[in-house]
């Protein structure tokens, strides 16, 4: 919720200086749908994670979230060269490989991964939510607008998160209202934060503005090049996360993850037309 609120605040503060014209009715509808799909996808994503389905949700949601918009773009007539199509396929496979769980060596962990398939509908809905966000934000920004569509997206996101918060607050077991709200907001865990309050606020600000910045740069990318290429490149974020985990946390890459990083690197070369084709 903090990321949504800070993202909305950042967009609204920037709007007066953007010089963008107000949105048309159709564009507003597209932006509203983008916000609704995005928040719904995140809800399904975290709901599935809460039920222990990390081994399934990450690769499938990534594949649907990136592959769905690409198929829609190609179906709508977007021309993709052979080399770029190869780059798209490589990137999608790379995202799946990097997102796959590893190290399920014990029989209990292997059974858990198989049982996770029972949550497949939630996983698919999560991927469809991300795919819908990409498709509708692409439509909402097709006329060159950037900040107005993102402001609408954030407004819808904040409204949906607040509505969900109120529903959960009312459905919690009977307890003082302040205690229930504190639990939902994670305040007890925040109080155990080992660093300073200033550092904690900085984390929230960076998360919120980083989320808005990610959306902003995606819009710039899809306005500058093919929509399908922008979607796939934006979906390569697990590669960056994996590399940061190696550099900062000293985690070791598994063979599949190494293959995924290599394929992602090759896909960027193909997608960026670095070969001149």
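With a cut-off of 20 Å, note down the residues of the stretch 84-98 whose backbone N falls inside the zone around a label point 7 Å from the Cα of residue 272 toward its beta carbon.
84-95
Peptides 7-13, 86-92: what's the order by average Cβ count within 10 Å, highest mean first? Kindly include the intermediate steps, with their values, before the conclusion.
Numbers: 7-13: 18.9, 86-92: 21.7.
The packing order, highest mean first, is 86-92, 7-13.
To the nearest 0.05, how large is the calculated FRET efficiency for residue 220 and residue 51 if R₀ is 45 Å and r is the Cβ-Cβ distance? Intermediate results must be reported in sequence, preceding the final value.
Values: r = 36 Å, r/R0 = 0.80.
Working from the Cβ atoms, E equals 0.80.
Go ahead and run the numbers for FRET between residue 5 and residue 198, Cβ-Cβ distance against an R0 of 22 Å, rounding to 0.05.
On the way: r = 19 Å, r/R0 = 0.86.
Computed FRET efficiency for residue 5 and residue 198: 0.70.
Rank-order 234-245, 195-206 by packing density, defined as the average count of other C-beta atoms within 10 Å over each peptide's residues, highest first.
On the way: 234-245: 16.8, 195-206: 11.2.
Packing proxy ranking, top to bottom: 234-245, 195-206.
Need the full-extension length gain, residue 246 to residue 124, defined as separation in residues times 0.36 nm minus the C-alpha distance. One decimal, nm.
Numbers: separation 122, 0.36 × 122 = 43.92 nm, distance 2.92 nm.
Additional length available on full extension: 41.0 nm.
May I ask you to sort 75, 47 by Cβ crowding, counting other Cβ atoms within 10 Å and putting the fewest first?
Working: 75 8, 47 16.
Going from least to most buried by this count: 75, 47.
With a Förster radius of 35 Å, plug the Cβ-Cβ distance of residue 93 and residue 207 into 1/(1 + (r/R0)^6) and report the FRET value to the nearest 0.05. Don't skip to the answer; put the middle values down first.
Values: r = 29 Å, r/R0 = 0.84.
Working from the Cβ atoms, E equals 0.75.
Starting with the highest mean, order 20-29, 247-256 by the number of other Cβ atoms within 10 Å, averaged over the residues of each peptide.
Numbers: 20-29: 12.8, 247-256: 10.8.
Ranked from most to least packed, the peptides come out as 20-29, 247-256.
Each value in this text was obtained by applying a stated rule to the coordinates, not by laboratory testing. The structure presented is a predicted model; accordingly, all values stated were derived computationally and were not measured. For neighbour counting, all protein chains shown are included, and Cβ atoms are generated from backbone atoms with ideal geometry for every residue, glycine included.
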